[in-house]
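**Q** Got a structure for you, questions after.
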Amino acid sequence: MKPILVCCMVLLALTLVWFTAGKLFKEEKVEDWITGVYIQVFNNEFSKGADTLTVIKQGSGQFRIKRRVGFRRILDGKVFDPEYKTEDWIGVLNENTQQIWEQQRGRVLSFQKGKMWVGTSEYQKLK
């Protein structure tokens with residue numbers, strides 16, 4: 001009777017370890033953590049400012065991206081009044097590549113924890 005009880009306990013323990021390990025090593029989907037605000041600050045001889053993208057989940061695999069750009073032109077050392085632009089994008093998550101494909105202009109948004117790339121432009125995640 002004791003060997004059967006010990007076998008059952010060992011089997012129960014192994015099952016518990018199996019399910020716990022499965023949850024610990026489960027790969028987190030990009031879709032679960034990409035929403036938030038991303039920023040790119042720029043300062044060069046022609047302008048200075050910031051480009052902000054807010055990624056909002058709309059539904060299963062669909063995202064709305066709100067772009068806000070504020071900048072000041074620089075010409076011959078003179079800094080001009082601030083200018084602002086806003087755009088709204090719609091994107092679809094590609095499950096295979098884990099990238100968002102923006103629909104209107106074909107931009108590709110790639111992600112890594114704390115960072116996002118639109119093409120080769122790198123953005124840092126704020127929140």
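The values are calculated or read from the model by the stated rules, or taken from the named source; none is laboratory data. Just so it is clear, the model here is predicted, and its values are computed rather than measured. As a convention, Cβ positions derive from the backbone with ideal geometry for all residues, glycine included, and neighbour counts pool all protein chains shown. Side chains are part of the model used for accessible areas, which takes the heavy atoms of the whole protein and leaves out ligands, DNA and RNA. Shrake-Rupley method; radii C 1.70, N 1.55, O 1.52, S 1.80 Å.
**Q** Could you list, in sequence order, the residues of the stretch 79-97 that are within 17 Å of W33 (Cα to Cα) and either hydrophobic (A, V, I, L, M, F, W, C) or open to solvent by 50 Å² or more (accessible area, probe 1.4 Å) (or both)?
**A** V92, L93, E95, N96, T97
**Q** Sticking with this one: I'm checking my understanding of the structure. Among residues of the stretch 63-78 that are open to solvent by 60 Å² or more (accessible area, probe 1.4 Å) and more than 27 Å from the chain's Cα centre (by Cα), which one is modelled with the lowest pLDDT?
**A** Among those residues, the one meeting the criterion is G77.
**Q** Follow-up question, since we're still on this one. Residues of the stretch 35-53 being open to solvent by less than 30 Å² (accessible area, probe 1.4 Å) and farther than 15 Å from E87 by Cα, which ones?
**A** Selection gives G36, S47, G49.
**Q** Out of all the residues in the stretch 27-55, which are over 30 Å from D76 (Cβ atoms) and assigned to a loop (DSSP other than H, G, I, E, B)?
**A** Scanning the stretch 27-55 gives E27, E28, K29, I34, T35.
**Q** Go through the stretch 103-121 and give me each residue that's open to solvent by less than 70 Å² (accessible area, probe 1.4 Å) and in a strand (DSSP E or B).
**A** V108, L109, S110, F111, K115, M116, W117, V118, S121
**Q** Still on this structure, I have one more. Could you give every pair whose Cβ atoms fall below 9 Å, whose first residue belongs to the stretch 93-113 and is farther than 22 Å from Q124 by Cβ and free of Cβ contacts under 8 Å to residues at least 24 places away in the same chain, and whose second residue is part of a loop (DSSP other than H, G, I, E, B) and open to solvent by less than 40 Å² (accessible area, probe 1.4 Å), counting only separations of at least 6 or pairs across chains?
**A** Matching pairs, first to second residue: N94/G61.
**Q** Could you run through the stretch 59-74 and say how many residues are touching a residue at least 24 places away in the same chain (Cβ under 8 Å) and over 15 Å from V37 (Cα atoms)?
**A** Of the residues in the stretch 59-74, 6 are touching a residue at least 24 places away in the same chain (Cβ under 8 Å) and over 15 Å from V37 (Cα atoms).
**Q** For D81, state whether it is closer than 22 Å to S60 by Cα, in a strand (DSSP E or B) and of a type in the set (D, E).
**A** no
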